[in-house]
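Student: First the structure, then my questions, so here it is.
The values are calculated or read from the model by the stated rules, or taken from the named source; none is laboratory data. Predicted model only: the values in this text are computed from it and were never measured. Positions of Cβ are generated from backbone atoms using ideal geometry, with glycine treated the same way; all protein chains shown enter the neighbour counts. Side chains included, ligands, DNA and RNA excluded: accessible areas come from the protein's heavy atoms. Shrake-Rupley method; radii C 1.70, N 1.55, O 1.52, S 1.80 Å.
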Amino acid sequence: MPADLNNLVLFYSALKGVRTTSEKPVEQKKEETQAAAPAVEAPKVEAKKEEKKEKKDDDFDLFGDDEEDEEHQAEITRRAKEQAAKKAEKLAATGKKAESLKSAIVIDVKPWDDTTDMVEMERLVREIVLDGLEWKASKLTPIGYGIKKLQISCHVEDAKVSVDDIQEKIEAIEELVQSTDIDSFTKL
């Protein structure tokens, strides 16, 4: 055989699974090791596999009660109550009030067209009164084609006022307001 074809023959024999070396094939090695192993070990392995399958089948119950989940949820609520009680005791001991979280929000209020009375729209928006809502500065910002939007800022107490509620109340002024967007939202 020519020397330059030797690599090609080795490659082809590797693809066919035929070994040209003196090494034994993997299947033959497995058969020899299984024949040399004692016959007693095979039933143990099969018994262990059957036990594992039974355990897996027992652990998986689609329609059973989730007692562990209920216990876990009960533990979470118990710990949350303990933490809230500790926090309340700590605040009472120091004499401080619980901090109310506030946010600064800038809302874009967009009119229907360039003929919309922006001063009237701002007046109606400022008439919205909610507990925990405080209106701040406003300005008119050009959008394009002569249309301006109202950018109005406000401070809200997070526990009392929802931003969605504010937007819904502003959008309820349908004759002047087309839509609203949150321009910025900052926690204070």
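Student: Under 15 Å from a point placed 7 Å out from the Cα of D108 along the Cα-to-Cβ direction: which residues of segment 117-144 have their backbone N that close?
Tutor: Within reach of a label on D108, which here means backbone N under 15 Å from a point 7 Å along Cα→Cβ, segment 117-144 contributes 139-144.
Student: Expected output is a single nm value to one decimal: the length gained when fully extending between D117 and A14, i.e. 0.36 nm times separation in residues minus the C-alpha distance. What is it?
Tutor: Additional length available on full extension: 28.6 nm.
Student: Calculated FRET efficiency, D164 and K90, Cβ-Cβ r, R0 25 Å, to nearest 0.05?
Tutor: The formula returns an efficiency of 0.15 here.
Student: Out of residues 5 or more away from W112 or on other chains, whose amide H comes under 5 Å of its own, with H placed 1.01 Å from N in the peptide plane?
Tutor: HN-HN under 5 Å from W112: Q178.
Student: May I pose another question? Can you check what the Kirkwood hydrodynamic radius comes to for segment 117-187, Cα pairs only, in Å to one decimal?
Tutor: Computed over segment 117-187, the radius equals 12.9 Å.
Student: With a 1.4 Å probe and all protein chains left in place, how much accessible area per residue does segment 119-188 have, in Å²?
Tutor: 62 Å²
Student: Still on this structure, please answer the following. Amide H to amide H under 5 Å from K102: which residues, 5+ apart in sequence or cross-chain, H placed 1.01 Å off N in plane?
Tutor: Distant-sequence amide H within range of K102: D158, L188.
Student: For segment 117-187, which whole-number percentage of the solvent-accessible area (1.4 Å probe, protein heavy atoms only) is attributable to carbon and sulfur atoms?
Tutor: Ligands and nucleic acids excluded, carbon and sulfur reach 49 percent.
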